[in-house]
Amino acid sequence: MCMLLGALPTNLMPLTLEDIARLSGVSRSTVSRVINVDANVKEGTRQKVLQVIQNFNFQPNLAARGLAAGRTNVIGLVIPAGVAALFSDPYFPQLIQGVSAACNSHNYSVMLWLAEPEFERRMVSQILHNGLLDGTVIASTLMDDPIVKSLYESKMPFMLIGRHPTLDVNYLDVDNVRAAREATLHLLHIGRKNIATITGPQNQIAGYDRYQGYLTALHERNHRVDPNLVAEGDFSEASGYIAMLRLLQQKPDAVFAASDMMAFGAMRALREANLHIPEDVAVIGFDDIPASAKTEPPLTTVHQSASAMGVLAVETLIDIIDHPGSETRHIVIATEFVIRSSCGTLKSKSEGGDEGKNPVEQSIPMLYQSHQ
């Protein structure tokens with residue numbers, strides 16, 4: 001499935017270059033030279049052709065012109081998800097908004113492809129190589145994505161949102177491992193002992209890395225990893241709800257969910273089980289989508305700006321297109337750990353910790369290195 005964002009005008013006359021040539025009394029090649037602003041055209045002839053073009057509101061086939069010039073000013077955005085995920089997960093609309101805004105500011109259009117199911121993924125791979133795109137942004141990278149491998153073997157410039165585990169390709173990402181590690185360490189710091197996690201899909205880079213961050217934190221504190229406290233979701237609220245129902249059997253006192261949407265589902269399951277957040281179970285999410293500040297209680301989470309990532313991905317890709325053969329870009333951008341009431345606070349002094357009330361909100365920057 002594809003959609004063209006920032007599309008070209010539709011109120012165009014169905015004229016061809018041959019029509020313009022006939023009406024102008026010149027050859028087709030002369031019309032082509034006028035349209036392409038060739039200096040080797042007499043001014044009188046140029047004005048005659050331009051007058052016909054203006055009278056009939058003619059617009060050239062920009063796609064054909066782009067193919068002839070080697071540029072189309074169209075960037076592809078591939079999201080390996082179906083329509084349901086696109087409209088149910090706020091991350092993707094924010095990402096698309098950033099990509100579209102950056103393309104508009106640089107006079108590019110966006111062709112959006114949802115690469116699910118497998119049939120559409122094969123179709124996307126064919127479209128990516130038919131010459132209609134100047135470059136491609138791929139979001140939410142899978143571990144062994146055939147689209148990425150195909151692009152890597154081609155000459156098309158592309159940019160991944162999310163690192164690749166094996167290929168040296170252009171990407172931008174947040175340090176998911178470190179961010180998840182800090183979130184889990186926070187739960188340990190406030191005295192939680194039985195910390196569960198709802199991971200993202202383990203065939204996706206972000207899901208895998210956030211789980212590794214959870215494991216890293218437990219290992220650093222010599223905390224036993226209990227596989228029964230791990231449940232895999234798919235970043236949706238429904239999967240977070242189902243995973244939390246299963247985890248409740250292990251009586252966790254905290255849960256780190258690899259997305260805010262899954263955290264929302266977990267919180268719903270906890271409320272239905274008559275458990276209090278954070279008194280009985282502390283909850284932390286990941287993404288800081290707008291709704292996370294409005295849950296009851298407000299959700300502690302890792303903030304990343306999907307819109308800003310979309311803008312930076314496009315601007316970097318355009319720079320790669322303009323400078324072929326440049327060094328591979330590896331960009332890691334900052335996140336913030338946003339502490340709200342859903343994770344509680346330190347133990348009281350009588351329990352060996354610091355006394356305090358639930359914070360309204362506190363943001364702790366996680367500054368990471370950006371490099372090329």
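Quick one: net charge around Val137, please, counting Lys, Arg +1 and Asp, Glu -1 for every other residue with C-beta under 14 Å from its C-beta. Intermediate values should be presented prior to the final figure.
Working: positive: Arg329; negative: Asp134, Asp145, Asp173, Glu315, Asp319.
Spelling it out: positives minus negatives among the neighbours equals -4.
So if I take the centroid of the Cα atoms in the stretch 204-277 and the same for the stretch 29-47, what is the distance between those two points in Å?
Each part reduced to its Cα centre gives a spacing of 66 Å.
Please report the Cα spread of the stretch 135-185 along all three principal axes, rounded to whole Å, starting with the longest.
43, 18, 16
Taking 0.36 nm per residue of separation and subtracting the Cα-Cα distance, what length does fully extending Asn55 through His106 add? Working shown, then result.
Numbers: separation 51, 0.36 × 51 = 18.36 nm, distance 2.93 nm.
Gain on extension, Asn55 to His106, equals 15.4 nm.
Quick one: what are the phi-derived ³J(HN,Hα) couplings along the stretch 255-266, Karplus 6.51/-1.76/1.60 with θ = phi - 60°, whole Hz, x for glycine and proline?
Working through the residues one at a time gives 9, 9, 9, 6, 7, 5, 4, 5, 5, 4, x, 5 Hz.
Search the structure for amide H atoms under 5 Å from the amide H of Val283, placed 1.01 Å from N in the peptide plane, and list their residues when 5 or more places away or on another chain.
The list, which skips near neighbours in sequence, is Val255, Cys343.
Throughout, read-outs are computed from the coordinates displayed, never taken from laboratory work. Predicted model, so just to flag it, every value in this text is computed and none were measured. Positions of Cβ are generated from backbone atoms using ideal geometry, with glycine treated the same way; all protein chains shown enter the neighbour counts.
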